[in-house]
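Colleague: Mind looking over this structure? Questions follow.
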Amino acid sequence: MEQKVKIFLVDDHEIFRNGLAMVIGKLKYAELIGEASSGEQFLEALENNVPEIVFMDIQMPGMGGIEATKIALEKKPDLKIAALSMFGEEEYLQNMLEAGACGFLLKNITKSDLDQAIRFLNEGKNYFSPELLQYFTQRYISDKKSEESPVKLSDRELEVLQLIAKGYTDAEIGEKLFISQRTVNGHRANLISKTGSKNTVNLLIYAIRHKLVEIE
């Protein structure tokens, strides 16, 4: 990466922000271009300073991360926003994803995990902390649906599902499987529909719960 990835950090806890900023500063390919302690501050800064990746706290005084994410993406659709979460905030993650966030990270993230998250997000992939995916899986493991046999998927759909689980974009999946991006989009839509999922994250939870894929 010749040009540094521009990152913005939004969190109301100064000590946490400082710690994360220090870690980002050690990544040679990344540059922290701004910080904010509330959604309002972030949106104001966004008028003059546009990052590529935003790490967004969910609960903050004033405007929280969910509303700030919605507004920011309406103004700058190309932003890649990932939710910052602590254990116990899982109920808000669905709302963040519906607002347009493309991933979620636990606040106890390690440097190597943060490095992978930034690289994934910068490449247009989703990034989910494995612990949170495990939480979702365990949370719904006792649901009646989990006791049912998984829906029958074609070999091609299973191939697409496995690559989605690995974080590949539709364009990358198309290249790997020698099919068009439009065809991949169709497979993704069919997978979401067949499994009764609301979005890609729900689809991954379903797939993990029914052992259709393995998350590396």
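Colleague: Find all pairs meeting these conditions: Cβ atoms under 6 angstrom apart; at least six residues apart or on different chains; first residue within segment 1-23 and of a type in the set (D, E, K, R); second residue part of a helix (DSSP H, G or I).
Modeller: Asp11/Arg17
Colleague: Could you please give the count of residues in segment 64-113 that are of a type in the set (D, E, K, R), over 17 Å from Leu132 (Cβ atoms) and touching a Leu at 6+ places or on another chain (Cβ under 6 Å)? Walk me through how you get there before you give the answer.
Modeller: If we filter segment 64-113 for residues that are of a type in the set (D, E, K, R), which is where we start, we get 67, 70, 74-76, 78, 80, 89-91, 98, 107, 111, 113.
Applying the additional criterion that residues be over 17 Å from Leu132 (Cβ atoms) yields 67, 70, 74-76, 78, 80, 111.
Filter once more, keeping what is touching a Leu at 6+ places or on another chain (Cβ under 6 Å): 80.
So the answer is 1.
Colleague: Have a look at Phe55, Phe42 and point out the one that is over 15 Å from the mean Cα position of the chain (by Cα) and either open to solvent by 30 Å² or more (accessible area, probe 1.4 Å) or not hydroxyl-bearing (Ser, Thr, Tyr) (or both).
Modeller: On the way: Phe55 fails: over 15 Å from the mean Cα position of the chain (by Cα).
Selected residue: Phe42, the only one of Phe55, Phe42 that is over 15 Å from the mean Cα position of the chain (by Cα) and either open to solvent by 30 Å² or more (accessible area, probe 1.4 Å) or not hydroxyl-bearing (Ser, Thr, Tyr) (or both).
Colleague: Can you give me the number of residues within segment 16-39 that are open to solvent by 20 Å² or more (accessible area, probe 1.4 Å) and closer than 15 Å to Ile58 by Cβ?
Modeller: 3
Colleague: Just checking, does segment 129-144 include any residue being at pLDDT 75 or above and of a type in the set (A, V, I, L, M)?
Modeller: Applying the first criterion (at pLDDT 75 or above) to segment 129-144 yields 129-132.
Filter once more, keeping what is of a type in the set (A, V, I, L, M): 132.
Yes, some residue in segment 129-144 is at pLDDT 75 or above and of a type in the set (A, V, I, L, M).
Colleague: Related question: Among the residues of segment 189-201, how many are open to solvent by less than 40 Å² (accessible area, probe 1.4 Å), part of a helix (DSSP H, G or I) and without any contact (Cβ under 8 Å) to a residue 40 or more places away in the chain?
Modeller: Quick first cut of segment 189-201, residues open to solvent by less than 40 Å² (accessible area, probe 1.4 Å) only: 191-192, 195, 197, 199-201.
So of that shortlist, the ones also part of a helix (DSSP H, G or I) come out as 191-192, 200-201.
Restricting the remaining residues to those that are without any contact (Cβ under 8 Å) to a residue 40 or more places away in the chain gives 191-192.
Total satisfying the criteria: 2.
Colleague: A follow-up question, please. What about Met86, is it without any contact (Cβ under 8 Å) to a residue 24 or more places away in the chain and hydrophobic (A, V, I, L, M, F, W, C)? Break it down stepwise before answering.
Modeller: Numbers: without any contact (Cβ under 8 Å) to a residue 24 or more places away in the chain: yes; hydrophobic (A, V, I, L, M, F, W, C): yes.
Yes, satisfied.
Colleague: Right, something else. Restricting attention to segment 165-185, which residues are open to solvent by less than 30 Å² (accessible area, probe 1.4 Å), closer than 21 Å to Asn202 by Cα and free of Cβ contacts under 8 Å to residues at least 40 places away in the same chain?
Modeller: Asp170, Ile173, Val184
Colleague: Are any residues in segment 1-13 farther than 17 Å from Leu105 by Cα and at pLDDT 95 or above, and if so, which ones? Don't jump to the end; show me each part of the working.
Modeller: Of all residues in segment 1-13, those farther than 17 Å from Leu105 by Cα come to 1-6.
Those that are farther than 17 Å from Leu105 by Cα and at pLDDT 95 or above: Val5, Lys6.
Colleague: Please pick out the residue among Gly167, Gly174, Gly186 that is modelled with pLDDT of 90 or more and either under 20 Å from Asn122 (Cβ atoms) or assigned to a loop (DSSP other than H, G, I, E, B) (or both). Break it down into steps so the answer makes sense when it comes.
Modeller: Numbers: Gly167 fails: modelled with pLDDT of 90 or more; Gly186 fails: either under 20 Å from Asn122 (Cβ atoms) or assigned to a loop (DSSP other than H, G, I, E, B) (or both).
Among Gly167, Gly174, Gly186, only Gly174 is modelled with pLDDT of 90 or more and either under 20 Å from Asn122 (Cβ atoms) or assigned to a loop (DSSP other than H, G, I, E, B) (or both).
Colleague: Within segment 67-96, how many residues turn out to be open to solvent by less than 40 Å² (accessible area, probe 1.4 Å) and either touching an Asp or Glu at 6+ places or on another chain (Cβ under 7 Å) or closer than 25 Å to Glu31 by Cα (or both)?
Modeller: Counting residues in segment 67-96 that are open to solvent by less than 40 Å² (accessible area, probe 1.4 Å) and either touching an Asp or Glu at 6+ places or on another chain (Cβ under 7 Å) or closer than 25 Å to Glu31 by Cα (or both) gives 11.
Colleague: Can you tell me which residue in segment 145-164 is modelled with the highest pLDDT, limited to those that are exposed (fewer than 15 other Cβ atoms within 10 Å of the Cβ) and outside any helix (DSSP H, G or I)?
Modeller: Within segment 145-164, the match that is modelled with the highest pLDDT is Ser154.
The values are calculated or read from the model by the stated rules, or taken from the named source; none is laboratory data. Owing to the predicted nature of the structure, the values given are computational and were not obtained by experimental measurement. Every residue, glycine as well, gets a Cβ built from its backbone with ideal geometry; the counts of neighbours run over all protein chains shown. Heavy atoms of the whole protein, side chains included, go into the accessibility calculation; ligands, DNA and RNA do not. Shrake-Rupley method; radii C 1.70, N 1.55, O 1.52, S 1.80 Å.
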